[in-house]
1. Scan the stretch A:298-316 for residues that are surrounded by fewer than 24 Cβ atoms within 10 Å (Cβ to Cβ) and either within 16 Å of the chain's Cα centre (by Cα) or not in a loop (DSSP other than H, G, I, E, B) (or both) and report the count.
2. Tell me, which residue of the stretch A:120-156 that is of a type in the set (S, T, Y) and surrounded by 20 or more Cβ atoms within 10 Å (Cβ to Cβ) is farthest from B:T118 (Cα to Cα)?
3. Those residues that are more than 18 Å from the chain's Cα centre (by Cα) and within 13 Å of chain A (Cβ to nearest Cβ), I need them from the stretch B:17-37; list them, please.
4. Going residue by residue through the stretch A:26-40, is there one that turns out to be surrounded by fewer than 19 Cβ atoms within 10 Å (Cβ to Cβ), farther than 25 Å from A:R351 by Cβ and over 20 Å from the mean Cα position of the chain (by Cα)?
5. Take the stretch B:92-117 and flag every residue that is among the β-branched types (V, I, T) and closer than 16 Å to A:P141 by Cα.
6. How many of the residues in the stretch A:255-272 are open to solvent by 10 Å² or more (accessible area, probe 1.4 Å) and under 18 Å from A:L290 (Cα atoms)?
7. Can you find even one residue in the stretch A:213-231 that is within 14 Å of chain B (Cβ to nearest Cβ) and either in contact with a Phe, Trp or Tyr (Cβ under 6 Å, 6 or more places away or on another chain) or touching a residue at least 40 places away in the same chain (Cβ under 8 Å) (or both)?
8. Which of the following residues is β-branched (V, I, T) and farther than 28 Å from A:V219 by Cβ: A:T288, A:T292, A:T341, A:T254?
Amino acid sequence: MTISGKAYIAGIYEHPTRKADDKSLAQLHAEVAKGALEDAGLSKRDVDGYFCAGDAPGLGPLSLVDYMGLKVRHVDATETGGSSYVLHVGHAAEAIAAGKCSVALITLAGRPRAEGMATGTAPRNYGAAAPDVQFEYPFGPTVVNMYAMCAMRHMYEYGTTSQQLAWIKVAASHHAQHNPHALLRDVVTVEEVVASPMIADPLHRLDCCVITDGGGALVVVSLDVAKRLSRPRVKVRGAGEAPKHQMGGKVDLTYSGAVWSGPAAFGEAAVTPADIKYVSIYDSFTITVLMTLEDLGFCAKGQGGKFVADGNLISGTGKLPFNTDGGGLCNNHPANRGGMTKVIEAVRQLRGEAHPKVQVKNCGLALAHGTGGSLGTRHVSATLIMERE
Amino acid sequence: MASAERKFPAPLPNPETKPFWEAAGEGRLLLKRCRSCGEVHYYPRAHCPFCGSGETEWQPASGGGTIYSYSVMRRAEVPYAIAYVTLDEGVTMMTNLVDCDLDAIRIGQRVRLVFKPTEGGPPVPTFTPDESRGIR
């Protein structure tokens, strides 16, 4: 069974807040759910499938369907970190294709800023039962230094430079200047990125994404439901997902799970990277973007540095516009999980509802990609291809 | 040279990994080898991640290796170098690089095993540049 053409993204909503001192986590989930349903022209009574991930409070879907008063016949709480919400669209399309639901709601929310969480610079202990923890936690693995080791090896093998990585941040900042909600709206230069303080070599502060509160939601519906709605139809064409890990000690940090999730999504959609007009690429760090573009086939392996340089990712001037909302690097990375906003901006582009300064002309086919977990240890890549009908 | 020493949190052994940490306490690094397919793996586990066999056995590592990748964590109370080191047995393990100039670390450098004490637990395997072997 293929999901291609079986489901449509009918509703999107990105919470405008970037710091939610005065709101609870469940409240944020309900606010984004309401926003996405209103965007679609639906109500909570229409929802018969609910999807959430590890950011959800309490018992996940059990707690949130209770809080929001949803009556659903399908739930899915697949947790793959920040890639969850990209992957959920594919899973929602599968559920819709199988007749398990017809209006699937996907929510994400979090408040790491309000909680003062040391997001990227402190090791996280997932508990003694996690088989890897005792062999890793004592060595201080953090989100930043795990990605940094990928960057370090990439530089060693392919000659990638800090200046090339910086171009990714520069492009994101060019887009963020037009987004009134973006946390960082100042356009930065390559020189400013490489002169920013070193966090974990070779990643500087400006190679890292922002830490924000807030969230987002998506509504995925069947063709029948999509037909009676007045919004532009965004069709799910293909989806792929793949975990990658340390492979029993045969560690190779030069590529990501996108080498598997990408071909699966492209194959299902029956398109190639050359057909894609816009990409939302998970940008926890600049190296995440560079490796993902290579692994998805937008350029040859090892050529990512040259590909992203000289503004090639800037909308209007570059060949491959990316993250036109400013991405996680400048706009929003709610709950330390950027997958949701990747899908949202791709849908805006396909609807022609992105900011006019960054809207891609004739944007008929877009790709969103999520990387959840840690590129340097274990992660899940999720690729989604969408088309304006 | 590195100034202050980083404090290592204690690893928590479980029944599956008890022999590994007991050996660490004696200054020996153990790997797991599969009796069925012959592959050595890391981190150690009861079931071979390559063939799925439950017939795995402990085997000592020589203690020599090469730096595969590393990063110096500057935003820490005491900056430290996390690394992946490829052991001469072929497996690559997460570790720290210690007792050295953090700014002089390079991928490809030869390193040797040195155990470091932890706060209330068995010592952990770290590595230090092996000056006698140079860069491979």
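The values are calculated or read from the model by the stated rules, or taken from the named source; none is laboratory data. Quantities reported herein were computed from a predicted structural model and do not represent experimental measurements. Ideal geometry is used to build each Cβ from the backbone, glycine not excepted, and the neighbour counts take in all protein chains shown. For accessibility, only protein heavy atoms count, side chains too; no ligands or nucleic acids. Shrake-Rupley method; radii C 1.70, N 1.55, O 1.52, S 1.80 Å.
1. 6
2. My answer is A:Y147.
3. Correct list: B:C34, B:C37.
4. yes
5. B:T92, B:T95, B:V98
6. Qualifying residue count, the stretch A:255-272: 4.
7. No, because not a single residue in the stretch A:213-231 is within 14 Å of chain B (Cβ to nearest Cβ) and either in contact with a Phe, Trp or Tyr (Cβ under 6 Å, 6 or more places away or on another chain) or touching a residue at least 40 places away in the same chain (Cβ under 8 Å) (or both).
8. A:T254
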